[in-house]
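As structure tokens, the structure follows; a few thoughts come after it.
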Amino acid sequence: MAFSPVRNLVATVADASPAQFDDWRRSWRAAADAGSAEPLLTFVARERGVAEDVFIQKLATALGWPYLDLPKLTIENEVRGKLSTKIAFQFFVLPVAINNGVLQIAVSDPFDAAMMNAVRFEAKMPVSFALATRSEIEKALKKYYGVGAETLDEMGEGEPMELDLAYDKEITEGDQEASVIKFVNQIIWEAFKDRATDIHFEPQEDELRIRNRVDGILHLIPLPPTLKRFQSAIISRIKVMSGMNISEKRLPQDGRINVRIKGEEIDIRVSTVPTVYGESVSLRLLTRGKIFLSLDKLGFSKLEEDAIRDIIIKPHGIFLVTGPTGSGKSTSLYAFLSAINSVQKRIITIEEPVEYELKGINQIAVRSDIGLTFAVGLRHILRQDPNVVMVGEIRDQETADIAIRASLTGHLVFSTLHTNDAPSAFTRLTDMGIEPFLIASSVEAVQAQRLVRTICPHCKTEQKVDRDYLRKIGFPENEIETAKFWHGVGCENCRQQGYQGRKGIYELLIVTEALRPLIMNRASATTIAQRAIEAGMRTLRTDGWKKVKEGTTTIEEVLRVTQMEEHMETLAGDDKTQFISRS
């Protein structure tokens with residue numbers, strides 16, 4: 001962009017003087033030298049304070065070129081094949097259509113002479129150019145060519161090979177190993193950008209499928225059709241990164257990867273299991289800086305938060321948090337510990353793994369391979385004179401028995417259980433072989449929780465809901481006429497999902513003197529639930545309705561994470577409130 005006419009044209013479109021444009025270009029070059037990959041036109045649009053798409057449209061008008069809204073277009077495979085993956089990704093260009101024997105190419109920088117020459121040479125047919133934003137072209141390239149397509153293209157058409165990577169092996173840029181490394185890194189990077197919590201590599205008969213879990217929902221990642229050929233190399237690379245035995249393919253393995261992305265430390269837990277078509281690999285991404293939330297940020301009502309604060313300052317007893325994997329149990333436990341962490345209290349935890357390091361707390365990581373299990377660790381923790389103990393999970397009778405006896409001998413114990421709701425925790429402990437009278441004497445409270453997706457704030461709009469439908473799903477009858485509802489219509493910020501982020505819904509059961517006899521007599525979970533609701537417990541579904549009315553989430557999302565088994569009605573004075581039990 002050294003030519004004066006080009007400089008003057010861009011400056012005119014940006015409503016700036018040529019001198020001001022020169023200042024912008026110098027700043028852009030300094031940023032580029034420091035590692036920024038931002039295109040010049042994107043930089044100019046941002047400095048000018050206008051949206052990139054508005055700026056590019058103005059530039060297209062000035063040049064007399066078409067402006068393309070890429071998300072609204074469908075590109076045929078025949079058109080896409082006119083440019084190689086390497087050229088498309090190297091210059092961020094996208095073949096869009098063939099009209100009367102002319103190939104139309106979407107570009108974001110109309111002044112890149114090297115790009116134009118490469119495209120014309122590669123296409124081997126007449127070419128016309130159109131403008132689109134860099135970000136839209138980048139998204140379209142991933143959609144139509146697949147994530148990591150340019151990396152796999154570097155491997156060539158030769159036979160795929162097994163990786164035999166030693167940790168100290170020198171790898172040059174052109175090696176197939178280097179391409180596999182870049183591909184795996186790119187998959188992790190894309191998952192991080194999308195706020196994914198899990199990445200699943202799933203071998204199928206004719207493809208290697210990769211899915212990311214974002215806000216609790218799995219999304220299929222667009223991938224190049226040739227990926228299956230490199231399945232073994234990709235899985236071997238992940239196993240090397242996580243310290244696994246790459247030659248062992250018949251048995252499940254567990255490993256761990258520590259990476260830093262944009263200054264954030266990411267712990268990745270890796271698990272492999274053998275399947276019919278190869279090893280399935282799951283990566284759980286744990287962002288240390290994001291797992292921690294203070295107690296007042298978890299989304300409790302004022303009444304529930306006050307009740308929890310009263311429980312966690314008790315000198316003894318057990319506080320259990322229940323829910324399925326990925327429901328935010330660890331986040332809640334860390335918030336509880338942080339709230340009571342002080343120099344006057346000795347707090348020790350045993351976890352698998354240690355997901356967040358809390359200053360002032362002694363944290364132990366389970367090492368089953370050397371015999372350091374929850375039960376063994378907990379037994380030794382009690383010799384360390386703790387005031388508060390956190391056990392990552394109660395999995396067996398031995399751990400449960402030690403935890404309960406610890407609470408009965410003057411320790412406050414936090415732990416988790418895998419049950420569907422709070423009342424079922426007592427049945428679960430009984431099934432483990434714990435005597436009911438010990439459970440009734442030691443457990444102070446049980447909290448069940450789920451995570452619901454929150455409505456995207458950028459596309460949130462009010463929603464009209466049929467009143468008969470609300471009655472059918474058990475929405476509180478006395479609030480149907482006055483309640484307002486919202487949903488997300490979908491936008492670029494939320495990837496057209498209508499949701500962005502997650503928040504907890506909770507069911508807090510406080511063990512009162514009225515409930516202890518029921519627990520001792522092995523009452524069913526339904527009976528305990530009925531009595532707890534009469535005493536004021538709100539079910540998961542009821543707390544979900546509260547967050548729906550607040551505009552935090554949607555009716556559909558609450559229904560998705562809670563399962564209705566039966567209706568329960570309770571009378572409170574003259575007000576009849578319908579509860580949906582058990583989720």
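Quick one: Leu163 ticks every box in (1) at pLDDT below 90; (2) open to solvent by 20 Å² or more (accessible area, probe 1.4 Å) except a single one, so which number is it?
(2)
Have a look at Ile246, Ile221, Ile217 and point out the one that is surrounded by 15 or more Cβ atoms within 10 Å (Cβ to Cβ), among the aliphatic types (A, V, I, L, M) and under 24 Å from the mean Cα position of the chain (by Cα). Quick ask: steps written out before the conclusion?
Values: Ile246 fails: under 24 Å from the mean Cα position of the chain (by Cα); Ile217 fails: surrounded by 15 or more Cβ atoms within 10 Å (Cβ to Cβ).
Exactly one residue qualifies, and that residue is Ile221.
For Glu507, only one of the following conditions fails: (1) open to solvent by less than 10 Å² (accessible area, probe 1.4 Å); (2) over 19 Å from Gly299 (Cβ atoms); (3) of a type in the set (D, E, K, R). What is its number?
(2)
Just need a number here: residues in region 131-159 that are at pLDDT 80 or above, part of a helix (DSSP H, G or I) and among the hydrophobic types (A, V, I, L, M, F, W, C).
3
Is it the case that region 439-447 has a residue that's at pLDDT 95 or above and of a type in the set (D, E, K, R)?
Yes: region 439-447 contains one or more residues that are at pLDDT 95 or above and of a type in the set (D, E, K, R).
Quickly run through region 93-113 and pick out the residues that are touching a residue at least 12 places away in the same chain (Cβ under 8 Å), open to solvent by 20 Å² or more (accessible area, probe 1.4 Å) and within 21 Å of Leu9 (Cβ to Cβ).
Those that are touching a residue at least 12 places away in the same chain (Cβ under 8 Å), open to solvent by 20 Å² or more (accessible area, probe 1.4 Å) and within 21 Å of Leu9 (Cβ to Cβ): Asp109, Phe111, Asp112.
Does Val465 fit the bill of being hydrophobic (A, V, I, L, M, F, W, C), in a loop (DSSP other than H, G, I, E, B) and in contact (Cβ under 8 Å) with a residue 60 or more places away in the chain?
When the stated conditions are applied, Val465 passes them.
Being assigned to a helix (DSSP H, G or I), open to solvent by 20 Å² or more (accessible area, probe 1.4 Å) and not charged (D, E, K, R) is the filter; apply it to region 279-303 and report the residue that is modelled with the lowest pLDDT.
Going through the qualifying residues, I end up with Gly289.
Which ones in region 547-560 are open to solvent by less than 50 Å² (accessible area, probe 1.4 Å) and not aliphatic (A, V, I, L, M)?
Of everything in region 547-560, those that are open to solvent by less than 50 Å² (accessible area, probe 1.4 Å) and not aliphatic (A, V, I, L, M) turn out to be Lys547, Gly551, Thr552, Thr553, Thr554, Glu557.
A quick yes/no check of all residues on (1) open to solvent by less than 20 Å² (accessible area, probe 1.4 Å); (2) in a strand (DSSP E or B); (3) touching a Phe, Trp or Tyr at 6+ places or on another chain (Cβ under 8 Å):
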{"position": "Ile394", "(1), (2), (3)": "yes, no, yes"}
{"position": "Glu398", "(1), (2), (3)": "no, no, no"}
{"position": "Ile402", "(1), (2), (3)": "no, no, no"}
{"position": "Ser407", "(1), (2), (3)": "yes, no, no"}
{"position": "Val413", "(1), (2), (3)": "yes, yes, yes"}
{"position": "Asp421", "(1), (2), (3)": "yes, no, no"}
{"position": "Ala425", "(1), (2), (3)": "yes, no, no"}
{"position": "Thr430", "(1), (2), (3)": "no, no, no"}
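For region 42-56, does any single residue satisfy the condition of being farther than 23 Å from Glu492 by Cβ, touching a residue at least 60 places away in the same chain (Cβ under 8 Å) and of a type in the set (A, V, I, L, M, F, W, C)?
no
Residue-by-condition table, conditions (1) of a type outside the set (Gly, Ala, Ser); (2) assigned to a helix (DSSP H, G or I); (3) modelled with pLDDT under 90; (4) surrounded by 15 or more Cβ atoms within 10 Å (Cβ to Cβ):
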| residue | (1), (2), (3), (4) |
| --- | --- |
| Ala178 | no, yes, yes, yes |
| Ile181 | yes, yes, yes, yes |
| Asn185 | yes, yes, yes, yes |
| His200 | yes, no, no, yes |
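Considering only residues that are among the hydroxyl-bearing types (Ser, Thr, Tyr), under 19 Å from Ala406 (Cα atoms) and not in a strand (DSSP E or B), which ones fall in region 331-373?
The answer is Thr373, and nothing else.
Just one of Arg495, Arg467 is surrounded by fewer than 20 Cβ atoms within 10 Å (Cβ to Cβ) and modelled with pLDDT under 90; which is it?
Among Arg495, Arg467, only Arg495 is surrounded by fewer than 20 Cβ atoms within 10 Å (Cβ to Cβ) and modelled with pLDDT under 90.
Residue check: is Lys472 open to solvent by 30 Å² or more (accessible area, probe 1.4 Å), within 27 Å of Glu305 (Cα to Cα) and either out of contact with any helix residue (DSSP H, G or I) (no Cβ under 6 Å at 6 or more places or on another chain) or of a type in the set (Gly, Ala, Ser) (or both)?
On the way: open to solvent by 30 Å² or more (accessible area, probe 1.4 Å): yes; within 27 Å of Glu305 (Cα to Cα): no; either out of contact with any helix residue (DSSP H, G or I) (no Cβ under 6 Å at 6 or more places or on another chain) or of a type in the set (Gly, Ala, Ser) (or both): yes.
Here the answer is no, as Lys472 does not meet what is asked.
Could you grab me the full set of residues in region 28-80 that are over 30 Å from Lys124 (Cβ atoms), open to solvent by 50 Å² or more (accessible area, probe 1.4 Å) and among the β-branched types (Val, Ile, Thr)?
Val50, Val54, Thr61
Do you know which residues across region 64-89 are aromatic (Phe, Trp, Tyr) and within 30 Å of the chain's Cα centre (by Cα)?
Phe89
The values are calculated or read from the model by the stated rules, or taken from the named source; none is laboratory data. The structure presented is a predicted model; accordingly, all values stated were derived computationally and were not measured. Heads up, the Cβs are rebuilt from the backbone with ideal geometry, glycines too, and the neighbour counts pull from every protein chain shown. Note: areas computed on protein heavy atoms with side chains; ligands, DNA, RNA excluded. Shrake-Rupley method; radii C 1.70, N 1.55, O 1.52, S 1.80 Å.
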